[in-house]
């Protein structure tokens, strides 16, 4: 088994240390760098499978680095940020990051996000012959036939609800911002109406979640966007990649 | 000279040094008896010498009158260029601003008595010099004795021409140095015949008179006397300031009694000299008698008189009173005046057999010192002023009086059928009283005569003839005339008193009203309004309040065409009146009065009279001054109220900060101490079992989580306080916010049962989602802290009326204390000395956020146990959602 290669771009040595220790214990190959400049070199020479990037770097803004990397790298990028401001997260995600963690974060949460991103990327890159059927929780979705089953019973979704759900499915657990969802589901001209998504997300939760007020799959990243958690994909099957993101 | 007297040179040195220390410039006057003695020459020579010694000397202005020797002296001395002043044909004038900016330590400014061209800042050059001195610049100047205010009359008498250009004596008295430039009259006459003497145009006409040898001797004597007086005064000043003389009699107070007559100016001047000789303070007093009426000319004369007196250093008082003698004596006693000065009228007594005022005073109080000064043209009663009605005014009054008598006669004619003649007499008396009351003394007297005549002509047999058949009626007529005259006099006096009282009362009540209004003022805008609405109508002028802004620069609250800020600024900086009707910058359209507060000037009041002339009525001016004082007081009060409020705010802020700091430092240090201790224990893992290591690490993580919560709340609070609560509102579903909050609080709430009860059909609410989430997280944290594990925490929401409610409740021990509202006050915690960490920041932050949303938050305990937090948020009008069918 090939060890996944992880590049940590973070200027604080202690954070690098515990992240490294945690990841190495998971059997990953970890490289560290403290500056954006070195990160560019390492990205080319080490060819990492996943980047963990701090937004506040000493020599450059993390968002600039992400935008640059996205130009020629397809590996997932996980953002670390001490900044609580939602606009920061949205900007990083719009720049091309796949997920974010707000400092201080816990090791289990970090590992979960890293695993999810690695799994998603391996599926995206390996997946050839796609089965159109995906599963999360008690819900089975056939993307080809638009059939949705919950506890084996058919659930009726409106066309917009279905498009919203499939956009989240195509994201493979990656955080999709409001702007991206509005573009994909409603098209241009709706980017300033995030309350549309909120209404339809509430309807989706009513139809697909056990307890809509404490959702397990259709997760809200408040003021940022949404994420589908707990997506299972049957062996060898992959939904069509979310190319617009 | 061994009697222990101080050396005069030492004395001068002392005075010089004192002046220098006070920061004011020194004034050296080159003083002469008349033109042509060589003052300018001497002044320039002195300046050249200083210049040669390296002093910073400049020429402000020098009149060489084309004389070559003088001209030669100016060469080589630096010059402040003259400036052109006035529109039309500009005149070269001394440039005051240039001089102030020139940086010279000493300036030569010739012709102290010069009157500046219209358009200059000051009317007189001596004012320019004053300003230079105030700015700390030394000045050399020259002046002739005839230009001094106090000797103006004397000189006028000698040379037969009044000099208009005068300098107040105080300038001369306050000069540091006076150098007498003396030339014996014979030499002067020689110089004159050689054509070396220039005469000002005003004196040119009197040239023949002026340069008579006798005149020159007299002028020279005057000049010498002036200088000698000054030296005496210098020495005495020194003695006083050094307490050399042990016993110093209390200062004398000379009271000068004047009437409102032009000739009295001479009396004032004479008195000035007298007061100076006596080294006494002096007051000029005028008794304002009620019957004087409102004659404008008299007021103007009195106003000029007051200005003259004040210019010479006297105090001026215009005191109301009926009886001149008594009023003067009362005032003298009140002020402790030691001598009374009055003009000795040359003319005859106006009222025969009535003793003159001086005699009456002498009789009433023989102890008081009485000085009578012979003054030309005083005439009549010195303290009486007869109001003169204009001829048309009299004619009208007499005409009306005649008409009134005629009407009286007509009515009497009708009544005669019923009543007898005795009653008719009464009717006529009524008419006389009426006329005297309405039209004054003269009309009353006329009505009296007319009534008697009419009574005789129309009602006494034989009728329609002045002939009287019954001689008894002659007595009746005489009696009636006497009574009518008396009544008319009394009535007229009553009328004039009432008028004076009314005028006085009008002013007094106006002032009282203004003062009352100003006393309640708490904002500066209110003062502006009072100026405009209450004060301006009193003077029939427009008023504008100018207040100092940053760097003490005056700012107008409104733009007015008449405002000239540079004049206002001058007035404010020098705390002197300026502009229209003053001696400074009088080309301005408005009068600028500095508002002198007890501590500092607070601003300037601009008075713009419009097209009418500015009021010169002394009573009006006093009222205006009083208003200004009131305004200044109000401004000062507001200033100090603001200062006090700032201080209180700062103190309260300080107190709050201290409380916060001590609370925060406690709550931050607790987890930090724990983390440090736990980590240090972990540094030696050999001593610990596997399980203990895990336990310690977990404790560290939990303490860190606690720290994180605290820091998040602190940062939020800091942000909200520094930026104010800036909401980033959008339309949200409450379910989403609750869901997010629950998932983030899940680890803390873990061993408790959490339920959420949200209806599916909740409307959208317009809120700042992360802030509402913060509120929920804080409430859930609170529940986690204050309920035992295993409790139930319920979040429910719904709508009622115009609001959405959101409730977080638990079945824990309930809220501590009687008043749950106290929980929302910053830094209050339910239980004192609780072991549970967290500053009472959480709930106060919650309240700030909810209040900013226009909502409410309340807490209460629930029976039998448990606590309820209820949030209410206003429901707005949610945006329309396009129907999905239209979209597909």
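Please treat every number below as a calculation from the coordinates, not as lab data. On a predicted model such as this, the values are computed, not experimentally measured, just so you know. Note: ideal-geometry Cβ built from the backbone for every residue, glycine included; neighbour counts use all protein chains shown.
For the stretch A:136-188 and the stretch B:469-531, what is the separation of their Cα centres, given in Å? Using only Cα atoms, the two centres lie 97 Å from each other. Of the beta bridges in the protein assembly as shown, as assigned by DSSP with both residues counted there, near 50 percent are antiparallel. As a proxy for reagent exposure, ranking B:192, B:480 by other Cβ atoms within 10 Å from fewest up yields B:192, B:480. Length gained on full extension, residue B:105 to residue B:526: 147.0 nm, using 0.36 nm per residue less the C-alpha separation.
For a Förster distance of 30 Å, can you work out the FRET efficiency between the beta-carbons of residue A:47 and residue A:17, rounded to the nearest 0.05? The pair residue A:47/residue A:17 has a calculated efficiency of 0.80.
Inter-part distance, the stretch B:738-790 to the stretch B:136-169, computed on C-alpha centroids, equals 93 Å.
Computed from the C-beta positions of residue B:396 and residue B:449, the FRET efficiency with R₀ = 30 Å rounds to 0.95. Axis of helix A:194-208 versus longest Cα principal axis of chain A: the two differ by about 70°, to the nearest ten degrees.
In this structure, residue B:217 and residue B:45 have a Cβ-Cβ separation that, at R0 = 25 Å, corresponds to a calculated FRET efficiency of about 0.45.
Put simply, the Cα atoms of the stretch B:253-374 extend 38, 36, 28 Å along their principal axes, the longest span coming first. Here the simple spin-label model places points 7 Å from the Cα toward Cβ, and for residue B:863 and residue B:182 these points are separated by 11.3 nm.
Within 10 Å of the Cβ of each residue in B:98-111, the mean number of Cβ atoms contributed by other protein chains is 0. Here the label points at residue B:421 and residue B:406, each 7 Å from Cα along the C-beta direction, are separated by 2.5 nm in the simple model.
All alpha carbon pair distances within the protein assembly as shown were sorted into 10 Å bins beginning at 0; the resulting P(r) in whole percents reads 2, 7, 11, 12, 11, 8, 7, 8, 9, 10, 8, 5, 2, 1, 0, 0, 0. Once the Cα-Cα distance is subtracted from the 0.36 nm per residue extended length, the residue B:231 to residue B:53 segment shows a gain of 61.3 nm. Reducing the stretch B:567-633 and the stretch B:77-134 to their Cα centroids gives an inter-centroid distance of 24 Å. In plain terms, the chain from residue B:720 to residue B:336 could stretch by 131.4 nm, reckoned as 0.36 nm per residue minus the Cα-Cα distance. For a modelled paramagnetic label at residue B:463, 7 Å from Cα along Cα-to-Cβ, the residues of the stretch B:408-430 in reach, with backbone nitrogen under 12 Å, are B:410, B:412-418. Helix A:107-126 and the longest principal axis of the Cα set of chain A meet at an angle near 70°.
Going by neighbour counts of Cβ atoms within 10 Å, the residues B:505, B:252 line up, fewest first, as B:505, B:252.
Using a simple spin-label model with pseudo-atoms 7 Å out from Cα toward Cβ, residue B:626 and residue B:755 lie 8.0 nm apart. Each of B:577, A:147 was scored by other Cβ atoms within 10 Å of its Cβ. Arranged with the fewest first, they read A:147, B:577.
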